[in-house]
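Below you'll find the structure, written out as structure tokens, and then a few comments.
FYI, it's all coordinate maths here, none of it is from the lab. Because the structure is predicted, anything quoted here is derived from the model rather than measured. All Cβ positions, even for glycine, are placed from backbone atoms using ideal geometry, and neighbour counts span all protein chains on display.
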Amino acid sequence: MVKDFCVWNQALVCATVMCFVAGPVSAGQAGNATSRSWSGVVINSNCTVDEAFAEAAKCTEKDAAGATLSLYDDTVRQIYKLEPQDLALGHLGDSVTVDGTLSADAIQVTGLKPHTSIGLAVGQKAPAFSARDQFGRERTLASLKGPKGTILLFFRSADW
């Protein structure tokens, strides 16, 4: 009887401790959403990741039955729902930057900004940078520059 009481008492103590610990931990997770930005293309929700990656025409069809607007981020090959929809209206097929917080697979949108240009303008000087090449050597703009200048080509994606 005393042994059963001790086991039951230990279980009660453990359950009480878990309540005190689990409450703050789960509250910390709920409040863990921080604002950030995502870049991608506004597509309709009838599109799969593979179709968005292949830039299928169906991904930017207007008036697709029952479709809502989503953001396809090709850097991570992920589709995010956009909530609320009103900030994304009129941007179907546009390359944009979305500001907000992520909740499950939906971005709670606080701002949306269309990309007006990609890359440098003609005649604009490239910013200083460093990156590793295919052999692991660090390269800089200065180390790549030749006597007649430099041409850099960045290939943005490949389906490896």
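If R0 is 22 Å, the Cβ-Cβ spacing of R132 and S95 corresponds to a FRET efficiency of close to 0.20.
Between A56 and K148, the simple spin-label model (points 7 angstrom out along Cα→Cβ) gives 4.5 nm. Taking 0.36 nm per residue of separation and subtracting the current Cα-Cα distance, fully stretching the chain between L102 and K125 would add 4.7 nm. What the Cβ-Cβ distance of V76 and N46 gives, at R0 = 35 Å and to the nearest 0.05, is a FRET efficiency of 0.95. The modelled label-to-label distance for the pair D86/T140, using points 7 Å beyond Cα in the direction of Cβ, is 5.0 nm. Within straight-line reach of K58, meaning a Cα separation under 18 Å, sit the following aspartates and glutamates at least 8 residues removed in sequence or on another chain: D50, D73, D74, D94. Under 5 Å between amide hydrogens, built in the peptide plane, is the criterion, and for Q78 it picks out D73 among residues at least 5 positions away or on other chains. Among R132, R139, the ranking by other beta carbons within 10 Å of each residue's beta carbon, starting with the fewest, stands as R132, R139.
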